[in-house]
Each structure stands twice: as C-alpha cells, then as structure tokens.
1. Residues of region 15-40 being basic (Lys, Arg) and out of contact with any helix residue (DSSP H, G or I) (no Cβ under 6 Å at 6 or more places or on another chain), which ones?
2. Give all pairs with beta carbons closer than 7 Å in which a residue from region 40-69 that is closer than 10 Å to VAL16 by Cα meets a residue that is at pLDDT 90 or above and of a type in the set (Val, Ile, Thr); count only pairs at least 6 apart in sequence or on separate chains.
3. Taking the options LYS48, LYS33, LYS72, name whichever one is of a type in the set (Lys, Arg) and touching a strand residue (DSSP E or B) at 6+ places or on another chain (Cβ under 8 Å).
4. Here are some residues: LYS72, LYS89, LYS33. Which one is basic (Lys, Arg), in contact (Cβ under 8 Å) with a residue 12 or more places away in the chain and either within 20 Å of ALA13 (Cα to Cα) or crowded, with 20+ Cβ neighbours inside 10 Å (or both)?
5. May I ask you to say which residue of ALA73, ALA2, ALA90 is at pLDDT 90 or above, among the aliphatic types (A, V, I, L, M) and out of contact with any helix residue (DSSP H, G or I) (no Cβ under 8 Å at 6 or more places or on another chain)?
Amino acid sequence: MAKKAKKAKTWTAELVIADWKKSVKAGLGPRRKLSKATLDHYEPRLLKKIQERLDSGRDYNKEGADTRAVAKAVGRFCATLAAGNEIPKAIFEKVFEACQLHHRCPSTTSPGSGKWCDI
C-alpha cells in the first residue's frame, strides 16, 4: 500500500519566528534566555524580513532545517559568551552577525535564496 504524501506545513512569519526562538533556546539551554531588550529590538525586524521571504515564495519547509541549525548555534555561542542567565543585547548582536557566516545559513546552502534573518 502506498504511503500518503505528507502535507507541507503552511508557515506564517509568526510561526517561523517562534520556531527560530525555540531553536535559539535549545542552544542557550534551560536556564538562559535572551534579554527583553534583545527581543524588543530584533523580533519586529525579523518578522518583517521573514514576511518578505514568505511573500517572495521562499519555502520554510525546505529551508527551515538550516535556519534552525543556525539559530541553535546562535544560542550556543551566546551561552558561551554571556556571564549570567540573561543574554545581553550586545552579545547577541555580535553572535547574530557572525552566525550569518554559518555554513548552513540558507544563503550559502541555497544559492540565491537570501537569508531569513538578513536585517
């Protein structure tokens, strides 16, 4: 008997950012979190960029695994560099910028795709 084709998930910008934050949290570990200042500064900008990507026809079902891998790396590097339980905006900014060079960043794995977090 043939297997039914799995229906692709329909992603919204809000679902993508939630998925991204979950991956960052996985990298940070159970006791660490991004500061409110970091989230307040970056989340609206990321939502806008993600919506642009979705509107241009980018498929998060295909590119999501790479994006999650980069987000997890962001969390791990932030956790390594920060002294306390809350990751300050200054550390996040540097790590966020550096991780856009990650080998699984969608712009390097899917030529022409652009980065989901290029803000």
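The values are calculated or read from the model by the stated rules, or taken from the named source; none is laboratory data. Every value quoted in this text rests on a predicted model; they were computed, and no experiment measured them. Every residue, glycine among them, receives a Cβ derived from its backbone with ideal geometry; neighbour counts consider all protein chains shown.
1. Restricting attention to region 15-40, the residues satisfying the condition of being basic (Lys, Arg) are 21-22, 25, 31-33, 36.
Those that are basic (Lys, Arg) and out of contact with any helix residue (DSSP H, G or I) (no Cβ under 6 Å at 6 or more places or on another chain): LYS21, LYS22, LYS25, ARG31, LYS33, LYS36.
2. Going by the 7 Å Cβ cut-off, the qualifying pairs are LEU46/ILE17; LEU47/ILE17; ILE50/VAL16; ILE50/ILE17; TYR60/VAL16.
3. Numbers: LYS48 fails: touching a strand residue (DSSP E or B) at 6+ places or on another chain (Cβ under 8 Å); LYS72 fails: touching a strand residue (DSSP E or B) at 6+ places or on another chain (Cβ under 8 Å).
LYS33 is the lone residue from the list that is of a type in the set (Lys, Arg) and touching a strand residue (DSSP E or B) at 6+ places or on another chain (Cβ under 8 Å).
4. Details: LYS89 fails: either within 20 Å of ALA13 (Cα to Cα) or crowded, with 20+ Cβ neighbours inside 10 Å (or both); LYS33 fails: either within 20 Å of ALA13 (Cα to Cα) or crowded, with 20+ Cβ neighbours inside 10 Å (or both).
Of the residues listed, the single one that is basic (Lys, Arg), in contact (Cβ under 8 Å) with a residue 12 or more places away in the chain and either within 20 Å of ALA13 (Cα to Cα) or crowded, with 20+ Cβ neighbours inside 10 Å (or both) is LYS72.
5. Working: ALA73 fails: out of contact with any helix residue (DSSP H, G or I) (no Cβ under 8 Å at 6 or more places or on another chain); ALA2 fails: at pLDDT 90 or above.
None of the others qualify; the one that does is ALA90.
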